[in-house]
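Worksheet for the structure shown next.
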Amino acid sequence: MGKYQEEALILANEGVADTTWRLVLECPRIAAEARPGQFVMLQIREGTDPLLRRPFSFHRIHPERAVFEILYRVVGRGTWWLSQTRQGSRVSVVGPLGNAFRPPDRPGPVAVVGGGIGVAPLYELLHQLAKPSAFFGGAVDIHFFYGTRTAAEMLPESTFSELNLPVHRSTDDGTAGFCGTVVDLFRRVLEKDRWRPAVIYACGSLPMQFAVAQWALSRGTPAQLSLESLMACGLGACLGCALPAPDPKAPNADRYVHVCKDGPIFEAGSIRWNKMQPPPVTPPTFVCV
Ligand SMILES: Cc1cc2nc3c(=O)[nH]c(=O)nc-3n(C[C@H](O)[C@H](O)[C@H](O)COP(=O)(O)OP(=O)(O)OC[C@H]3O[C@@H](n4cnc5c(N)ncnc54)[C@H](O)[C@@H]3O)c2cc1C
Ligand code: FES
């Protein structure tokens, strides 16, 4: 599979939820080879502000139309500039980069857990899991757990209606769906319905991924997690996106994996979660009553 640098034509760039935008790019070679879970490095503007390309996952892939979509949250200067970019202009894109989600390696129910903008790569995955596709083959019994901090940050319900699968929603402040984190919701549904996933796919904040990984590891459930790290090159050259991992040749020893080259999709057991920086602990922002 190749990697390409293309000048992509912006077909649409629109707000879809609070601070969340959807960018639609015509980009034939990258769209033809993209897989769910992979990402692109996008040069937001010409010049030195921002200096580096920024990584974004494939949110939807339409190879037949030579198009892919990105869902992004405005968090800093680069993404703010991106939100100001107009339909009809062009951006330089490098990709597809990194590894992709793998099909389930055992039959059975599938749980997909997304926190906040972590929904971005999971949306294409859900499409490929829910419908017969060359890559995933079409799974049965899929439950999607989707949590945000507050209702305004949530993608509209209609976004998921075509998938025709159960969507369990949560917000930290209780303004939509279950009040609490998406991991609390995940645990609640599993307890109440006695539903057990054979495989988990997840993307979200580090504390969320940490909690999902601990749940999966304690029960021997395979989990594929899409992880993030600050990236300079996206190509394995700067070694800036390193995460601590057990060394498969000597399990007590450590080594480093690189999110851009070895990931961004990692099995839960292939990361040293207790050595991640910053520590995966955040105080709750809201209290549910
Ligand atoms: C493989 C990969 C895929 C990604 N996919 C998406 C996606 O689909 N949609 C999306 O909205 N974002 C995604 N991101 C995160 C995105 O790259 C950053 O939000 C973006 O680079 C921020 O650029 P900025 O110039 O606006 O912010 P900056 O000015 O660079 O930073 C603003 C703030 O955001 C923090 N920040 C920046 N990058 C990250 C990061 N990678 N992880 C955590 N905090 C960060 C900074 O520490 C700082 O506090 C992905 C990151 C990776 C590594
Ligand atoms: S971003 Fe440079 S090695 Fe991963």
With the requirement that a residue be more than 14 Å from the chain's Cα centre (by Cα), among the hydroxyl-bearing types (S, T, Y) and either within 16 Å of ligand 2 (Cβ to nearest atom) or part of a loop (DSSP other than H, G, I, E, B) (or both), what does the range 198-245 give you?
T221
Of everything in the range 38-53 that's away from ligand 2 (no atom under 16 Å from the Cβ) and surrounded by fewer than 18 Cβ atoms within 10 Å (Cβ to Cβ), which residue is nearest to V119 (Cα to Cα)?
R45
Picking from R86, R35, the residue that is surrounded by fewer than 16 Cβ atoms within 10 Å (Cβ to Cβ), basic (K, R), part of a loop (DSSP other than H, G, I, E, B) and not assigned by the TED database to the domain that holds I200 would be R86
Is there a residue in the range 54-77 that is in contact (Cβ under 8 Å) with a residue 12 or more places away in the chain, part of a helix (DSSP H, G or I), hydrophobic (A, V, I, L, M, F, W, C) and open to solvent by 20 Å² or more (accessible area, probe 1.4 Å)?
no
Consider R106 carefully, then state whether it is in a loop (DSSP other than H, G, I, E, B), closer than 27 Å to P166 by Cα, more than 16 Å from ligand 2 (Cβ to nearest atom) and modelled with pLDDT under 95.
yes
Would you call P251 part of a loop (DSSP other than H, G, I, E, B) and at pLDDT below 95?
no
Looking only at the range 246-258, decide whether some residue is touching a residue at least 12 places away in the same chain (Cβ under 8 Å), buried (at least 18 other Cβ atoms within 10 Å of the Cβ) and within 28 Å of P109 (Cβ to Cβ).
no
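When you check F136 against the structure, is it in a helix (DSSP H, G or I), at pLDDT below 95 and hydrophobic (A, V, I, L, M, F, W, C), yes or no?
So F136 does not fit the description; no.
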Exactly one of A202, A176 is more than 30 Å from L52 (Cα to Cα) and modelled with pLDDT of 95 or more, and that residue is A176
Residues that are open to solvent by less than 20 Å² (accessible area, probe 1.4 Å), modelled with pLDDT of 95 or more and not assigned by the TED database to the domain that holds R187: does the range 206-219 have at least one?
no
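The values are calculated or read from the model by the stated rules, or taken from the named source; none is laboratory data. As the structure is a prediction and not an experimental result, all values here were calculated from the model. No Cβ is skipped: glycine too gets one built from the backbone with ideal geometry, and neighbour counts run over all protein chains shown. To get the accessible areas, we keep the full protein, side chains included, count just its heavy atoms, and leave off ligands, DNA and RNA. Shrake-Rupley method; radii C 1.70, N 1.55, O 1.52, S 1.80 Å.
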